[in-house]
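Peer 1: One structure follows; several queries about it will come next.
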């Protein structure tokens, strides 16, 4: 029952993207449209404007043309099915939920630009992990934004997770070192590190993230880490450039795509998955505690194109 209700929420959350993509696509291929150059040009414009990206668009149209030339496609209405097949083929490869074993420490470092929904995502993730029987500890390594620690503490209190913190403007690596000390003393749950939102162009802040990684690797060489990049879907193509730099410079290992309910740019998930080969761990479609869910490619494409 919960899965059905979340699917309905997903469908509602993707309404803006669906209106931008599916309704326009339906209008484009409605009736007995000829499979000609004009149709392909309009289809290209539609997919690019939906933030699917040039490579996906080129590949899709090339696929359609090849099928037409082999007489496998006579009806423009079949294009929607091909679109869904190609989307699933790309997204399924990146459908890799986080596997967190019970009874041993696991560190999740959350990164991303300001306003991406990082701290809120941490709270929802902590709630989900606690529901799954994990022990969770939060680390307030965003020491520069005055309200960041308080915001994390509110979430910690809400979901029943202790928060490790220091004073404002403390060295983030020092706060993380406090968490490392707890792990060395026997803590065996999930540690979620909140880091300061930073533009990917700010070299000094990116170096700070690298320092946090170095300390963890040095002090806890055997402990598994996930470097979870939180991306705001409303930023569309900017999310792609952010993901590229965070992957190259920091070694992001997975993505959370937030605010899908507030944008018509949800198609960007296809571009991120196709161009960057970064697993999409979770998607966010609302403000509620249970609105962060493990990404499922079939549910996503069905909600988007249905």
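Peer 1: Rounded to whole Å, give me the distance from the Cα center of the stretch 52-83 to that of the stretch 249-306.
Peer 2: 24
Peer 1: Per residue, what volume in Å³ does the Cα convex hull of the stretch 231-306 take up? Spell out each step's value before the answer.
Peer 2: Working: hull volume 6.7 nm³, N = 76.
That works out to 88 Å³ per residue.
Peer 1: Most exposed first by the Cβ proxy, i.e. fewest other Cβ within 10 Å, how do 224, 193 rank?
Peer 2: Numbers: 224 14, 193 26.
Ordered from fewest to most neighbouring Cβ atoms within 10 Å, 224, 193 come out as 224, 193.
Peer 1: Answer with a single label: of (1) 21.9, 77; (2) 21.1, 70; (3) 19.1, 67, which was calculated as Rg and Dmax of the Cα atoms in Å from the structure in view?
Peer 2: Evaluating Rg and Dmax of the Cα atoms in Å on these atoms matches (2).
Peer 1: Taking the 0 to 90 degree range and rounding to the nearest ten, how far is the long axis of helix 237-250 tilted relative to the main principal axis of the chain, both from C-alpha atoms?
Peer 2: For 237-250 against the chain, the angle is about 40 degrees.
Peer 1: Right, something else. On a 0 to 90 degree scale, rounded to 10, what angle separates helix 203-219 from the longest Cα axis of the chain?
Peer 2: Once rounded, the angle reads 60 degrees.
Peer 1: Label the stretch 142-190 by shape, choosing from rounded, prolate and oblate, from the square roots a ≥ b ≥ c of the eigenvalues of the Cα gyration tensor; if a/c is under 1.5 it is rounded, and otherwise prolate applies when a/b is larger than b/c, oblate when it is not.
Peer 2: Values: a/c = 3.42, a/b = 1.20, b/c = 2.85.
Because a/c hits 1.5 or more and a/b fails to exceed b/c, the stretch 142-190 counts as oblate.
Peer 1: Further, regarding this structure: Nearest 5 percent is fine: what portion of the DSSP beta bridges confined to the chain is antiparallel?
Peer 2: Details: 3 of 30 bridges.
Looking only at bridges with both residues in the chain, the antiparallel portion is about 10 percent.
Peer 1: Let me ask you something else. Just grab the label-to-label distance for residue 244 and residue 168, each label 7 Å out from Cα along the Cβ direction, in nm (one decimal).
Peer 2: Going from the residue 244 label point to the residue 168 one covers 3.7 nm.
Peer 1: Sort 81, 165 by Cβ crowding within 10 Å, fewest neighbours at the top. Spell out each step's value before the answer.
Peer 2: Details: 81 11, 165 22.
Arranged by neighbour count, lowest to highest, 81, 165 become 81, 165.
Each value in this text was obtained by applying a stated rule to the coordinates, not by laboratory testing. All figures in this text were calculated on a predicted structure; none of them were measured in a lab. Positions of Cβ are backbone-derived with ideal geometry, glycine not excepted, and every protein chain shown enters the neighbour counts.
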